[in-house]
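The values are calculated or read from the model by the stated rules, or taken from the named source; none is laboratory data. Note that this is a predicted model, so its numbers are computed, not measured. Counting neighbours? That spans all protein chains shown, and the Cβs are built from the backbone with ideal geometry, glycine included.
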């Protein structure tokens with residue numbers, strides 16, 4: 001008569017040392033790969049906003065204005081463009097806070113970006129045509145249009161730069177429109193000059 005299943009000893013693994021060795025070999029490799037690729041599970045506290053960063057941003061309006069003036073003086077359009085809010089930043093950080101993002105407004109982020117970007121490019125062409133290659137020394141700055149707070153960022157409107165030109169003359173210039181301030185960093189929000 002064959003013994004019943006309850007009488008036979010259960011054998012889980014034939015070579016337990018092999019399984020233990022595999023776990024100790026594979027586990028460190030897996031953990032190391034996760035850290036190297038940046039795919040580590042991060043648990044944030046509730047209500048804490050994920051880290052936000054504006055590429056090419058500066059720590060102050062003065063620093064941003066100097067960067068812009070230098071790019072303009074050296075006719076470095078790429079350097080100048082890196083100081084302006086890009087599409088990804090607009091769609092990720094700005095658009096969700098604007099009244100236009102309300103579904104009842106029926107204005108998509110893409111549409112609003114295209115309109116803003118077209119106007120900014122026209123503003124850049126105007127500024128480039130009048131000021132590219134000219135060297136200005138920044139003396140001061142201000143925002144003639146005040147500021148608008150959107151909780152997670154502030155738009156400083158109608159930027160004015162007080163500069164000294166190569167001839168030693170002081171001028172107030174409106175080379176771009178607005179600056180965005182987010183988490184203590186500044187970037188040009190718009191190149192539209194009205």
Exercise. Six or more apart or on different chains, Cβ under 6 Å: which pairs go from a residue in region 106-126 that's farther than 22 Å from residue 83 by Cβ to one that's part of a helix (DSSP H, G or I)? Could you list them?
Key: 107/100
Quiz item: Any idea which of 168, 145 is assigned to a loop (DSSP other than H, G, I, E, B), surrounded by 14 or more Cβ atoms within 10 Å (Cβ to Cβ) and either free of Cβ contacts under 8 Å to residues at least 12 places away in the same chain or in contact with a strand residue (DSSP E or B) (Cβ under 8 Å, 6 or more places away or on another chain) (or both)?
Solution: 145
Exercise. Filter region 116-149 down to the residues that are under 21 Å from the mean Cα position of the chain (by Cα) and at pLDDT below 95, then identify the one that is farthest from residue 100 (Cα to Cα).
Key: 124
Quiz item: For region 94-101, does any single residue satisfy the condition of being touching a residue at least 12 places away in the same chain (Cβ under 8 Å) and more than 19 Å from the chain's Cα centre (by Cα)?
Solution: yes
Quiz item: Does residue 54 fit the bill of being touching a strand residue (DSSP E or B) at 6+ places or on another chain (Cβ under 6 Å), part of a loop (DSSP other than H, G, I, E, B) and at pLDDT 90 or above?
Solution: yes
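Let me confirm something: among 126, 75, which residue is surrounded by fewer than 16 Cβ atoms within 10 Å (Cβ to Cβ) and assigned to a helix (DSSP H, G or I)?
Among 126, 75, only 126 is surrounded by fewer than 16 Cβ atoms within 10 Å (Cβ to Cβ) and assigned to a helix (DSSP H, G or I).
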